[in-house]
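Here the structure comes first, spelled out in structure tokens, and everything after it is commentary.
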Amino acid sequence: MATAAEMDALNLARAPLQPPRRRGLSAPLKRYFGTPLNALITLACLWLMVRLATAAWGWLVTRAVMEGGPEACKGGTGACWPFLAAKLRFMIFGFYPYDEHWRPALALALFLGAIIVSMMPRFWGRGLVWLWIAVPPICGVLMYGGVFGLPVVTTTNWGGLPLSFMLSFVGLALGFPLGVVLALARSSKLPAIQVIAIIFIEVVRGVPLVSILFMASVMLPLFMPDGLTVDKLLRAQVAIIIFAGAYIAETVRGGLQAVPKGQHEAAAALGLGYWLAMRKIILPQALKIVIPPLVNIFIGFFQDTTLVTIIGLLDFLDTVRASLRDPNWQGIAVIEGYVFAALVYAVFSYAMGAYSRFLERRLKTDHERSAPGG
Amino acid sequence: MTRMISKIATLGFLAAVAALAASPASAQATLDTVKKRGKVLCGVSPSSAGYSFADDKGVRKGFDSDVCRAISSAVFGAPDKVEFVPLNTNIRFQALQSGEIDVLSRQTTLTFSRDNSLGLDFGPVVFYDGQGLMVNAKLGVKSASELSQAAICLLPGTTTLQNLEDFFKPRGIKYESVVFEDNNEWRNAFFSGRCDVITSDRSDLASVRAVANDPKQFVILPETISKEPLAPVVRQNDSNWKDIVSWSVNALIAAEEYGITQANVDEKLQSKEPEIQRMLGVSGDLGKMLNLDNKWAYNIIKQNGNYGEFFERNLGESTRLGLTRGPNQLWTKGGLLYSPPFR
């Protein structure tokens with residue numbers, strides 16, 4: 001009954017269990033097979049993993065349809081890869097004109113390249129500031145066109161991954177300074193500033209992102225003078241920035257409160273003014289403390305941007321869904337699109353999480369557990 | 001003194017009213033705005049099989065999208081001067097009201113209240129639809145009145161549930177509605193037997209059936225429990241623009257009636273029929289009355305085809321949706337499509 005693939009999977013799963021020519025159980029094996037109960041749990045888990053792996057393998061490979069058209073996939077029980085092949089470019093770039101796809105592709109590459117460069121500690125320095133002053137406008141010009149003979153592609157045609165990245169990245173990049181300012185304002189000693197910050201934060205956090213997006217896309221144009229319309233994408237972007245700002249503000253405020261009072265007093269004793277103390281002493285410590293919750297917010301926002309579909313912007317998840325509605329493929333390929341979307345989101349979210357753990361280790365300067373040279 | 005204040009208040013109120021009244025007037029010239037912009041902004045469904053969807057190259061296809069292209073042909077003499085603005089049901093009317101789009105071509109049902117309360121005008125009906133019910137043939141149900149205690153799968157629509165209630169309540173039939181957010185889940189729930197009945201517009205049901213592994217397993221019941229005439233929508237108080245949209249649609253229907261197709265429209269320029277001559281701009285100046293080029297209708301047909309061609313390539317039996325013409329047939333062939341005369 002077991003196919004070759006299943007046997008392979010079994011052997012693979014069992015491989016580490018072969019003791020390396022030694023009598024008795026080695027230490028790691030003891031952990032898994034030390035008691036009858038542990039052995040039972042281990043075997044049950046192994047069995048489950050093998051079952052899952054074989055099922056996935058069967059769907060992904062053995063029973064999958066590798067080539068052909070919609071008809072080849074109809075009634076099949078495996079994955080339908082021709083669907084993904086046919087729709088891949090649409091899923092990634094949406095309604096962006098087909099012949100101009102190199103532009104969002106290049107913009108995406110530039111953007112991801114800039115991110116990777118900024119993640120590497122060896123490049124940390126003034127250069128990065130210039131990089132980030134240059135890259136977003138270049139990406140914008142590439143996408144929009146209108147200069148150097150590039151045809152104009154209006155934002156209604158933007159979609160897919162570039163749109164998802166833009167909304168979440170710009171939202172966070174501009175929401176972050178907004179959040180820091182709001183956090184400082186909320187912990188300010190001046191009542192007026194404090195009250196304004198509290199009202200802003202609580203109002204924005206008190207309503208769901210969906211309703212802010214609705215306000216931006218439905219209500220706002222009705223208040224505008226006749227004939228004047230603000231780009232829908234821009235409105236959604238501003239809504240996301242405001243929303244991100246309010247959430248980041250509260251996280252940063254948590255960090256500010258966690259900085260010991262002694263630090264404030266020490267800064268004051270050195271004669272540092274408010275801004276200098278904040279910039280050099282308090283904020284660096286506060287922000288370091290809040291890296292994990294901030295990354296949490298970042299990952300959440302990267303996924304929350306999919307909500308823009310309700311106001312008719314086609315982000316990556318929605319281009320995947322739109323592909324499923326092509327009458328040629330409708331009802332034939334369903335899971336394939338979602339699996340692809342899940343994979344893309346998982347890769348980027350995992351990368352963010354992994355990088356934040358690296359950053360925490362790197363910036364660790366705690367007095368209790370400081371690594372030498374930390 | 002109080003009189004003075006009330007006078008000022010009245011004046012202020014009048015000024016506000018005047019300003020409000022003036023704003024539609026300034027919207028009067030949608031055609032000018034469109035021409036200046038060089039593009040028609042056309043609101044469509046983000047993705048809806050057969051009506052507005054992306055092909056493999058990300059080009060918008062579908063019946064509603066083709067109506068937008070026809071309007072572009074009429075105004076600019078080229079079908080590609082359209083910018084498609086994807087809109088969901090919940091924001092489509094506001095987008096039109098606020099001037100974000102010039103015309104809404106998005107499977108929108110013409111109803112009394114929409115026509116009279118939203119500050120919008122509807123063009124001619126482009127598709128006659130109606131809510132239907134589909135069941136598994138194994139149930140042996142022949143009519144909706146035979147149903148009882150049925151679980152009914154539906155999508156969260158503005159009127160779908162209301163229509164069910166309006167139909168079943170007076171007949172004293174009990175049912176259980178099961179609402180799905182997602183098209184695929186909704187369809188699969190029905191296929192897997194989670195619901196006895198699936199309901200949506202009949203055109204939708206036909207496409208659901210086309211997707212099934214064995215379409216013969218399912219029957220669409222004869223009752224149409226609601227009327228859903230789908231029509232393009234424009235802002236109120238702009239007669240010229242409304243006429244352009246309306247007569248663009250009429251031209252599509254009339255062209256089919258007179259046997260003018262994308263392929264033979266050039267030959268038809270030689271036609272001796274006065275009606276065809278007037279429509280194609282060979283004689284008369286109908287185009288000028290719309291403030292358009294006299295070749296407007298010729299351009300629509302030459303560049304896009306006639307109504308029948310729209311239907312066949314997007315929804316018809318050669319597509320996977322496989323819809324029959326049904327009521328969307330010319331009046332001369334027993335359908336409801338009827339264009340007023342071109343004279």
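The values are calculated or read from the model by the stated rules, or taken from the named source; none is laboratory data. Note that the coordinates shown come from a computational prediction; the quantities given were computed from them, not determined experimentally. With ideal geometry, Cβ positions are generated from the backbone for all residues, glycine too; neighbour counts draw on all protein chains shown.
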> Among the residues of segment B:187-200, which ones are crowded, with 22+ Cβ neighbours inside 10 Å and away from chain A (no Cβ under 11 Å)?
Replying inline: B:Phe190, B:Cys195, B:Val197, B:Ile198, B:Thr199, B:Ser200
> Here is a list of conditions, (1) modelled with pLDDT under 85; (2) farther than 18 Å from A:Trp329 by Cα, and A:Pro104 meets all of them except one; can you say which number that is?
Replying inline: (1)
> Can you tell me which residues in segment A:94-111 are touching a residue at least 24 places away in the same chain (Cβ under 8 Å), outside any loop (DSSP other than H, G, I, E, B) and more than 19 Å from A:Pro136 (Cβ to Cβ)?
Replying inline: A:Glu100
> When segment A:178-203 is examined, which residues are found to be assigned to a helix (DSSP H, G or I), of a type in the set (Gly, Ala, Ser) and closer than 20 Å to A:Ile281 by Cβ?
Replying inline: A:Gly179, A:Ala183, A:Ala185
> If you go through segment A:41-54, how many residues are closer than 28 Å to A:Gln330 by Cα and exposed (fewer than 12 other Cβ atoms within 10 Å of the Cβ)?
Replying inline: 1
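From B:Arg60, B:Arg92, grab the single residue that is within 14 Å of another protein chain (Cβ to nearest Cβ) and touching a Lys or Arg at 6+ places or on another chain (Cβ under 7 Å).
Sole residue among the options that is within 14 Å of another protein chain (Cβ to nearest Cβ) and touching a Lys or Arg at 6+ places or on another chain (Cβ under 7 Å): B:Arg92.
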> Of these, A:Gly78, A:Gly34, A:Gly69, which one is without any contact (Cβ under 8 Å) to a residue 12 or more places away in the chain and either aromatic (Phe, Trp, Tyr) or surrounded by 12 or more Cβ atoms within 10 Å (Cβ to Cβ) (or both)?
Replying inline: A:Gly34
> Is one or more of the residues making up segment A:74-81 on the phi > 0 side of the Ramachandran plot and out of contact with any helix residue (DSSP H, G or I) (no Cβ under 9 Å at 6 or more places or on another chain)?
Replying inline: yes
>> Being among the basic types (Lys, Arg), under 17 Å from the mean Cα position of the chain (by Cα) and part of a loop (DSSP other than H, G, I, E, B) is the filter here; which residues of segment B:77-106 pass it?
In response: B:Arg106
> Which condition does B:Leu118 not pass, out of (1) touching a Phe, Trp or Tyr at 6+ places or on another chain (Cβ under 7 Å); (2) surrounded by fewer than 20 Cβ atoms within 10 Å (Cβ to Cβ); (3) on the phi > 0 side of the Ramachandran plot, if it passes all the others?
Replying inline: (3)
>> Here is a check on your reading of the model: is A:Val347 within 14 Å of another protein chain (Cβ to nearest Cβ) and either at pLDDT 85 or above or under 19 Å from the mean Cα position of the chain (by Cα) (or both)?
In response: no
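May I ask you to say which residue of B:Ser177, B:Ser200 is of a type in the set (Gly, Ala, Ser) and touching a Gly at 6+ places or on another chain (Cβ under 9 Å)? Outline the logic, then answer.
On the way: B:Ser177 fails: touching a Gly at 6+ places or on another chain (Cβ under 9 Å).
Criteria check complete, one pass: B:Ser200.
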> How many residues are in a helix (DSSP H, G or I) and free of Cβ contacts under 8 Å to residues at least 60 places away in the same chain if we restrict to segment B:248-271?
Replying inline: 5
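Yes/no matrix, rows are residues, columns are (1) touching a helix residue (DSSP H, G or I) at 6+ places or on another chain (Cβ under 8 Å); (2) surrounded by 21 or more Cβ atoms within 10 Å (Cβ to Cβ); (3) of a type in the set (Phe, Trp, Tyr):
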| site | (1), (2), (3) |
| --- | --- |
| A:Ser164 | yes, yes, no |
| A:Gly171 | yes, yes, no |
| A:Val180 | yes, yes, no |
| A:Ser187 | yes, no, no |
| A:Ile193 | yes, no, no |
| A:Ile199 | no, no, no |
| A:Val207 | no, no, no |
> Among the residues of segment A:254-282 satisfying the criterion of being of a type outside the set (A, V, I, L, M, F, W, C) and not in a helix (DSSP H, G or I), which is farthest from A:Leu184 (Cα to Cα)?
Replying inline: A:Gly271
>> Looking at segment A:326-344 only, could you name the residues that are surrounded by fewer than 22 Cβ atoms within 10 Å (Cβ to Cβ), without any contact (Cβ under 8 Å) to a residue 40 or more places away in the chain and within 10 Å of chain B (Cβ to nearest Cβ)?
In response: A:Val334, A:Tyr338
> Could we say that A:Met166 is assigned to a helix (DSSP H, G or I) and more than 23 Å from the chain's Cα centre (by Cα) here?
Replying inline: no
>> Going through A:Trp81, A:Trp102 one at a time, which residue ends up being away from chain B (no Cβ under 11 Å), among the aromatic types (Phe, Trp, Tyr) and within 21 Å of A:Pro151 (Cα to Cα)?
In response: A:Trp102
> Tell me, which residue of segment A:145-176 that is of a type in the set (Ser, Thr, Tyr) and away from chain B (no Cβ under 14 Å) is nearest to A:Asp315 (Cα to Cα)?
Replying inline: A:Ser164
> Can you tell me which of B:Val85, B:Val75 is within 7 Å of chain A (Cβ to nearest Cβ), crowded, with 19+ Cβ neighbours inside 10 Å and more than 19 Å from B:Leu315 (Cα to Cα)?
Replying inline: B:Val85
>> Report every pair of residues separated by at least 6 positions or lying on different chains whose Cβ atoms are under 9 Å apart, first residue within segment B:306-327 and within 14 Å of chain A (Cβ to nearest Cβ), second of a type in the set (Asp, Glu) and assigned to a loop (DSSP other than H, G, I, E, B).
In response: B:Leu323/B:Glu317
> Mind checking whether some residue in segment A:224-238 is away from chain B (no Cβ under 14 Å) and part of a helix (DSSP H, G or I)?
Replying inline: yes
>> Every residue in segment A:278-314 that is under 16 Å from A:Tyr350 (Cα atoms) and without any contact (Cβ under 8 Å) to a residue 24 or more places away in the chain, please.
In response: A:Asn296, A:Gly300
> Among the numbered criteria (1) facing chain A (nearest Cβ under 10 Å); (2) within 16 Å of B:Val245 (Cβ to Cβ); (3) among the hydrophobic types (A, V, I, L, M, F, W, C), which single criterion is violated by B:Phe127?
Replying inline: (1)
> Among (1) farther than 18 Å from A:Gly159 by Cβ; (2) within 14 Å of chain B (Cβ to nearest Cβ), which single condition is A:Thr319 missing?
Replying inline: (1)
> Hey, any hits in segment B:20-42 for a residue that's touching a Ser or Thr at 6+ places or on another chain (Cβ under 7 Å) and at pLDDT below 90?
Replying inline: no
> With respect to A:Arg63, is the statement that it is basic (Lys, Arg) and either closer than 20 Å to A:Phe340 by Cα or within 12 Å of chain B (Cβ to nearest Cβ) (or both) true?
Replying inline: yes
>> Tell me yes or no: at least one residue of segment A:293-307 is away from chain B (no Cβ under 14 Å), outside any helix (DSSP H, G or I), over 29 Å from B:Asn184 (Cβ atoms) and not hydrophobic (A, V, I, L, M, F, W, C).
In response: no
